[in-house]
1. On the given criteria, is Phe22 assigned to a loop (DSSP other than H, G, I, E, B), at pLDDT below 85 and of a type in the set (Phe, Trp, Tyr)?
2. Looking only at residues in the range 1-15 that are among the charged types (D, E, K, R) and either surrounded by 10 or more Cβ atoms within 10 Å (Cβ to Cβ) or part of a loop (DSSP other than H, G, I, E, B) (or both), which one is farthest from the chain's Cα centre (by Cα)?
3. Restricting the search to the range 33-64, which residues are among the hydrophobic types (A, V, I, L, M, F, W, C), closer than 30 Å to Phe22 by Cβ and open to solvent by 90 Å² or more (accessible area, probe 1.4 Å)?
4. Which residues, taken from the range 25-50, are over 17 Å from the mean Cα position of the chain (by Cα) and part of a helix (DSSP H, G or I)?
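The values are calculated or read from the model by the stated rules, or taken from the named source; none is laboratory data. In this text, all values refer to a predicted model and were calculated from it rather than measured experimentally. Quick reminder, even Gly has a Cβ in these numbers, built from the backbone with ideal geometry, and neighbours come from all protein chains shown. Surface accessibility is based on the protein's heavy atoms, side chains included, excluding ligands, DNA and RNA. Shrake-Rupley method; radii C 1.70, N 1.55, O 1.52, S 1.80 Å.
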Amino acid sequence: MEIILKEQELKQLLEEIIFKIFTEKREMLKEIIEEVIEDIALSKAIEEGRKNEFVSKNEIMDIIENGLKV
């Protein structure tokens with residue numbers, strides 16, 4: 001079975017779906033936006049970390065076990 005939609009019908013359908021998401025699925029939309037923001041922040045942190053010197057596994061384990069010494 002093949003369904004054919006005209007451009008205007010598709011546009012109307014998408015508008016209805018988006019409106020329904022904004023009105024009825026606010027929490028789901030909020031969670032999606034939060035996930036996107038977290039992913040962007042993580043990728044920026046990884047990118048920034050690649051610019052700095054690498055830290056050995058032993059140094060990391062020492063900090064975890066003994067705390068950060070300032």
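1. On the way: assigned to a loop (DSSP other than H, G, I, E, B): no; at pLDDT below 85: yes; of a type in the set (Phe, Trp, Tyr): yes.
Judged against the criteria, Phe22 is not a match.
2. Only one residue fits best here, namely Glu2.
3. In the first step, residues of the range 33-64 are kept if they are among the hydrophobic types (A, V, I, L, M, F, W, C); the result is 33, 36-37, 40-42, 45-46, 54-55, 60-61, 63-64.
Applying the additional criterion that residues be closer than 30 Å to Phe22 by Cβ yields 33, 36-37, 40-42.
Ile37, Leu42, listed by residue number.
4. Residues of the range 25-50 that are over 17 Å from the mean Cα position of the chain (by Cα), as a first pass: 25, 48-50.
Matches in the range 25-50: Glu48, Gly49.
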